[in-house]
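Colleague: My structure is below; once you've seen it, I'll send some questions.
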Amino acid sequence: MRPASVVFGPVKSRRLGLSLGVDPLVPKVCSFDCLYCEIGPTKVHTIERRLYRPTEEIKKALQERLADENLCFEVLTFAGSGEPTLHAELEELIIFAKELTDRPICVLTNSSLLWRKEVRKALLNADLVLPSLDAVNEEIFQKLNKPVKGLCASKIIEGLKKFREEFAGEIWLEIMLVAGVNDHEEEIRALAETVIDISPDKIQLNSVDRPPAYRQAKALPLNKLREIASLFKGEVEVITREALKEKSGKRKPSAEEILALISRRPAPSSEIAEALSCDFKATLSVLEELVKKGRAKTKRHQNQIFYYA
Ligand code: SF4
């Protein structure tokens, strides 16, 4: 994959709509090394908060992108090459972004640093925080998320509860379910109990939808995910690609916009068409040309072909 850019998209996110992404890190810095990670294995496994990209570089890139009068996006999302809360000046970046746009500011996080007061404080300026919690059982947490030594599920859960008390914005909690790892009834019931105490505005159940960092990460079928969803209280939805299929648009995409999309992460043709709001068949013909010319490649994952560049 090409090096990720600081500001990317807008992409049509299954969770967020048309999302302009801001990546405060470089590939791949994370406190976890999840089996299912779509970015690949973690290169810098750490909980050290640092300026992985200079703050001024991020601000400049954002300012330049937002100066485009034709730019259309629904939310601005801090996400990308790892765990965004590891950027030491995330608070300053969120405040800066809020000054530049009236769109909601979202942050994706693996929740691993929410036990730290300064991290919770940094996120208080966001409008929507999308944390994740995949396991409450310590052994399962270690196996699935492979955290930095010393991080434990109970500490993270405490951080999530404290954050809920302090944060006035919305929290959409994502739970990634991996077949044979965290999908047995005892763990699901424990998760459902814990989630009541965290009290998110939404619970979003997901499964392995893209080529994972580690081959042992396998997806759950949609019917099983729906069954699991029924065990949670509150607003709960399944957000796998299959569950959220949308109708595609009518226009034909350009080769360049497809390349911009698939150089960030592999995607199947149906999702590319959806993300670019384009006709599916027209998207297929452009993809075919790109593969013929060697500008895009394909790989198979769970009986689907993913395109990448
Ligand atoms: S927390 Fe996110 S970025 Fe980090 S390893 Fe897990 S899935 Fe990848």
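Colleague: Take segment 208-223 and flag every residue that is loosely packed, with under 13 Cβ neighbours inside 10 Å and either among the small types (G, A, S) or within 13 Å of the ligand (Cβ to nearest atom) (or both).
Modeller: Hits for segment 208-223: nothing passes.
Colleague: While we're looking at this one, here's another question. So which residues in segment 1-59 are among the polar types (S, T, N, Q), surrounded by fewer than 21 Cβ atoms within 10 Å (Cβ to Cβ) and at pLDDT 95 or above, if there are any at all?
Modeller: Scanning segment 1-59 gives T46, T55.
Colleague: Only one residue in V136, V119 is within 16 Å of the ligand (Cβ to nearest atom) and buried (at least 20 other Cβ atoms within 10 Å of the Cβ). Which one?
Modeller: Of the residues listed, the single one that is within 16 Å of the ligand (Cβ to nearest atom) and buried (at least 20 other Cβ atoms within 10 Å of the Cβ) is V119.
Colleague: Against the condition among the hydroxyl-bearing types (S, T, Y), in the same structural domain as L160 (by TED's automatic domain parsing) and either surrounded by 14 or more Cβ atoms within 10 Å (Cβ to Cβ) or closer than 27 Å to L114 by Cα (or both), how does S199 come out, does it pass?
Modeller: Yes; evaluated as a whole, the condition is true for this residue.
Colleague: Further question: Take the residues in segment 14-31 that are in a loop (DSSP other than H, G, I, E, B) and hydrophobic (A, V, I, L, M, F, W, C); name whichever of them is farthest from the ligand (Cβ to nearest atom).
Modeller: The selected residue is L16.
Colleague: If a residue must be loosely packed, with under 14 Cβ neighbours inside 10 Å and not in a helix (DSSP H, G or I), how many such residues does segment 253-294 contain?
Modeller: 3
Colleague: Only one of G180, G150 is over 23 Å from I239 (Cα atoms), surrounded by fewer than 22 Cβ atoms within 10 Å (Cβ to Cβ) and more than 15 Å from the ligand (Cβ to nearest atom). Can you tell me which?
Modeller: Going through G180, G150 in turn, just one is over 23 Å from I239 (Cα atoms), surrounded by fewer than 22 Cβ atoms within 10 Å (Cβ to Cβ) and more than 15 Å from the ligand (Cβ to nearest atom): G150.
Colleague: Cβ-Cβ below 9 Å, separation at least six or inter-chain, first residue in segment 31-49 and without any contact (Cβ under 8 Å) to a residue 40 or more places away in the chain and of a type in the set (V, I, T), second surrounded by fewer than 19 Cβ atoms within 10 Å (Cβ to Cβ) and in a loop (DSSP other than H, G, I, E, B): which pairs?
Modeller: Between residues of segment 31-49 that are without any contact (Cβ under 8 Å) to a residue 40 or more places away in the chain and of a type in the set (V, I, T) and residues that are surrounded by fewer than 19 Cβ atoms within 10 Å (Cβ to Cβ) and in a loop (DSSP other than H, G, I, E, B), the close pairs are V44/V26.
Colleague: Filter segment 70-89 for residues that are in a loop (DSSP other than H, G, I, E, B) and either surrounded by 15 or more Cβ atoms within 10 Å (Cβ to Cβ) or of a type in the set (F, W, Y) (or both) and give the result.
Modeller: Within segment 70-89, F73, E74, A79, G80, S81, E83, A88, E89 qualify.
Colleague: Any residue at all in segment 130-152 that's of a type outside the set (K, R) and at positive phi?
Modeller: yes
Colleague: To continue, here is another question. Inside segment 265-286, can you point out the residues that are modelled with pLDDT of 90 or more and either charged (D, E, K, R) or farther than 28 Å from S207 by Cβ (or both)?
Modeller: Answer for segment 265-286, where residues must be modelled with pLDDT of 90 or more and either charged (D, E, K, R) or farther than 28 Å from S207 by Cβ (or both): R265, V286.
Colleague: Give, as residue ranges, the strands (runs of 3 or more DSSP E) completely inside segment 165-246 that count at least 3 residues that are modelled with pLDDT of 95 or more.
Modeller: Qualifying strands (runs of 3 or more DSSP E): 170-177, 202-207.
Colleague: Further, regarding this structure: Please go through (1) touching a residue at least 24 places away in the same chain (Cβ under 8 Å); (2) more than 20 Å from T77 (Cα to Cα) for Q142 and return the number of the only condition it doesn't satisfy.
Modeller: With respect to (1) touching a residue at least 24 places away in the same chain (Cβ under 8 Å); (2) more than 20 Å from T77 (Cα to Cα), Q142 is out only on (1).
Colleague: Please verify whether segment 100-107 includes one or more residues that are in the same structural domain as V29 (by TED's automatic domain parsing), of a type outside the set (K, R), touching a Pro at 6+ places or on another chain (Cβ under 7 Å) and within 12 Å of the ligand (Cβ to nearest atom).
Modeller: Among the residues of segment 100-107, not one is in the same structural domain as V29 (by TED's automatic domain parsing), of a type outside the set (K, R), touching a Pro at 6+ places or on another chain (Cβ under 7 Å) and within 12 Å of the ligand (Cβ to nearest atom), which makes the answer no.
Colleague: If you don't mind, there's one more thing I want to ask. Do we find a residue being within 16 Å of the ligand (Cβ to nearest atom), of a type outside the set (G, A, S) and surrounded by fewer than 20 Cβ atoms within 10 Å (Cβ to Cβ) anywhere in segment 60-69?
Modeller: no
Colleague: Tally time: how many residues in segment 32-45 are in contact with a helix residue (DSSP H, G or I) (Cβ under 7 Å, 6 or more places away or on another chain) and within 8 Å of the ligand (Cβ to nearest atom)?
Modeller: Within segment 32-45, residues that are in contact with a helix residue (DSSP H, G or I) (Cβ under 7 Å, 6 or more places away or on another chain) and within 8 Å of the ligand (Cβ to nearest atom) number 2.
The values are calculated or read from the model by the stated rules, or taken from the named source; none is laboratory data. Just so you know, these numbers come straight off a predicted model, no measurement behind them. Note that each Cβ is placed from the backbone with ideal geometry, even for glycine, and that neighbours are counted across all protein chains shown.
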